[in-house]
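Colleague: The structure under discussion is supplied below as C-alpha cells; questions concerning it will follow.
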Amino acid sequence: MRTGRQSTLARYLKGVSIAAIVALASSTAAFAADLTIGYVTKSATNQGWILISQGAADAAKEAGVELITVGPSAANDLGGQLATIENMINRKVNALAIAPADSSGVTPAVEKAIERNIPVVAIDTAIYGAKVTSFVATDNLAAAAAQGKWVAENIDDNGSMILVNGSLGQSTGRDRHDGFVKALKDLKPNVTIYEVQTKWDQTEAQNGVEALLRAHPEVSVIANAWDGGTMGAIAALKAARKTAGEIKIVGFDGAPDALKQMKLGWVQCDIAQLLYMQGFKGVTAAIQAARGEKVEERIDTGHAVVVPDNLEKYVQDNHLGSL
C-alpha cells in the first residue's frame, strides 16, 4: 500500500456511517470511466468491513473505473443482498465483487449474473454452487488453526474455554470454527469447549458469553470468530465484574476497536486479517476479469498473529493510523 492511502484510511477508522459507505460509490463515479464494477459488501457498519470497503474504493480509483458500493447495516441480510445483486445485473455492470451473506443463499443470483456474462469475484466468504471467477480472502482454516494453537499454548491441559462462533451457514464461519477446534484438540485433546452460536451479532455474542460464564465460572479463555464477538466478550466480562486479563481473550480480524482493547489489557491475542487488501485485491480481480485478463481462482490475502509485543508493528505495517 502507498502512504497516500494512510490518511484516508485513518479518517475512516475514526467512525463511518452507513451513508459514508454508500458514498464510496459516488466518489468513484465522478469521472468518466470505461468500466462499472458492482461491489456488494456484507456490512456497512462493522469496522472490519469499513477497512475492506476502503480497499475496494481505492482499487477502483487507482484503476480509473466506476465502483457502485452497496452494503446493509446487518451482516446476515440475505434478502437485501439478493435484491442488490439483481439490481446490479439490471444496471449491466461489467463485473461483480460480492461478500455473500450466505454462501449458498446467493447462488441463484450469482448464477444469473454469470449467465449474463458478468464475472463474479467472491470476497471474504466463498460462494457455493456457482463457478465464480475468483475467491479473494484469508485462508480461514489456516488462520483459525493459528488461533487454536495460541489457545493451546495458553490453557491448561484440562482447562475449559468459550468459543464464540459466527454464522455456521457461511463458509467463513464454518472454516473458522473447524480450523480452530481441530488445531486445539490436536494439541490439547482434553480441553472443554463451550460454544456460543451467533449470526455475526455482537449482542448475541455478549449474551451467550454471559450465560456460559454463569454456568461455567472456571472458564479461562474466550476465543472469537470475529472482532464483534471480541467486543461482546469484553462487555460480558465487564458485566461479570472481571478485570482485564483475568480471562484471556483472543480475537479474529485485527479490527481497530479490538486492537485498542489489546492496549488496555483486555485482548491478549488477535488473529488479524489483512482487511484492506481483501477489498483492494478483490475489486482489482473483478476489474481484471471485466477486462478479459487472467485472474487467479484463489487469492489468499494472508493473516498475522498479533500480540502486545508486535501490535505497534502490525498497526504501522497495515496503515491503520494511530489506535
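The values are calculated or read from the model by the stated rules, or taken from the named source; none is laboratory data. All values reported here derive from a predicted model rather than from experimental measurement. Methodologically, a virtual Cβ is constructed for each residue, glycine included, from the backbone with ideal geometry; neighbour enumeration extends over all protein chains shown. With ligands, DNA and RNA removed, areas are computed over all heavy atoms of the protein, side chains included. Shrake-Rupley method; radii C 1.70, N 1.55, O 1.52, S 1.80 Å.
Colleague: Which count do you get for residues in region 303-320 that are assigned to a loop (DSSP other than H, G, I, E, B) and either open to solvent by less than 10 Å² (accessible area, probe 1.4 Å) or at pLDDT below 95 (or both)?
Modeller: Of the residues in that region, 3 qualify.
Colleague: Cβ-Cβ distance below 8 Å, separation of 6 or more or different chains: which pairs start in region 104-120 with a residue that is in contact (Cβ under 8 Å) with a residue 40 or more places away in the chain and closer than 13 Å to T133 by Cα and end on one that is open to solvent by 30 Å² or more (accessible area, probe 1.4 Å) and aromatic (F, W, Y)?
Modeller: none
Colleague: Out of all the residues in region 75-92, is one or more of a type in the set (G, A, S), touching a helix residue (DSSP H, G or I) at 6+ places or on another chain (Cβ under 7 Å) and either open to solvent by 10 Å² or more (accessible area, probe 1.4 Å) or at pLDDT 95 or above (or both)?
Modeller: no
Colleague: Kindly list the number of the only condition in (1) open to solvent by 10 Å² or more (accessible area, probe 1.4 Å); (2) part of a strand (DSSP E or B); (3) over 20 Å from Q170 (Cβ atoms) that fails for E195.
Modeller: For E195, the exception is condition (3).
Colleague: Also, I was wondering about something else. Would you call N140 buried (at least 20 other Cβ atoms within 10 Å of the Cβ), in contact (Cβ under 8 Å) with a residue 60 or more places away in the chain and of a type in the set (S, T, N, Q)?
Modeller: Against the criterion (buried (at least 20 other Cβ atoms within 10 Å of the Cβ), in contact (Cβ under 8 Å) with a residue 60 or more places away in the chain and of a type in the set (S, T, N, Q)), N140 does not qualify.
Colleague: Could you check region 210-302 for strands (runs of 3 or more DSSP E) lying wholly inside it with 3 or more residues that are at pLDDT 95 or above and open to solvent by less than 30 Å² (accessible area, probe 1.4 Å)?
Modeller: 221-224, 248-253, 269-273
Colleague: If you don't mind, there's one more thing I want to ask. Can you confirm whether L323 is open to solvent by 20 Å² or more (accessible area, probe 1.4 Å), in contact with a helix residue (DSSP H, G or I) (Cβ under 9 Å, 6 or more places away or on another chain) and aliphatic (A, V, I, L, M)?
Modeller: Yes, satisfied.
Colleague: In a strand (DSSP E or B) and open to solvent by less than 40 Å² (accessible area, probe 1.4 Å): is that true of A57 in this structure?
Modeller: no
Colleague: Does D34 satisfy the condition of being modelled with pLDDT of 75 or more, open to solvent by 60 Å² or more (accessible area, probe 1.4 Å) and either charged (D, E, K, R) or assigned to a strand (DSSP E or B) (or both)?
Modeller: It is true that D34 is modelled with pLDDT of 75 or more, open to solvent by 60 Å² or more (accessible area, probe 1.4 Å) and either charged (D, E, K, R) or assigned to a strand (DSSP E or B) (or both).
Colleague: Quick test for you: out of Q197, Q170, Q202, pick the one residue that is modelled with pLDDT of 95 or more and under 15 Å from the mean Cα position of the chain (by Cα).
Modeller: Q202
Here's the yes/no breakdown for (1) part of a helix (DSSP H, G or I); (2) under 16 Å from N224 (Cβ atoms):
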position	(1), (2)
A83	yes, no
S103	no, no
K112	yes, no
V121	no, no
I127	no, no
A145	yes, yes
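Colleague: Go through (1) touching a Gly at 6+ places or on another chain (Cβ under 7 Å); (2) open to solvent by less than 40 Å² (accessible area, probe 1.4 Å); (3) farther than 17 Å from G48 by Cβ; (4) not hydroxyl-bearing (S, T, Y) for G173 and report which single condition fails.
Modeller: Unmet for G173, out of (1) touching a Gly at 6+ places or on another chain (Cβ under 7 Å); (2) open to solvent by less than 40 Å² (accessible area, probe 1.4 Å); (3) farther than 17 Å from G48 by Cβ; (4) not hydroxyl-bearing (S, T, Y): (3).
Colleague: Can you say whether N154 is open to solvent by 20 Å² or more (accessible area, probe 1.4 Å), within 30 Å of K188 (Cα to Cα) and touching a strand residue (DSSP E or B) at 6+ places or on another chain (Cβ under 9 Å), as far as the supplied structure shows?
Modeller: Criteria met by N154.
Colleague: Being open to solvent by less than 10 Å² (accessible area, probe 1.4 Å) and not in a strand (DSSP E or B) is the filter; apply it to region 60-70 and report the residue that is nearest to W226 (Cα to Cα).
Modeller: Here the answer is A60.
Colleague: Might you let me know whether region 175-184 holds any residue that is in contact (Cβ under 8 Å) with a residue 40 or more places away in the chain, over 18 Å from A272 (Cβ atoms) and not in a loop (DSSP other than H, G, I, E, B)?
Modeller: yes
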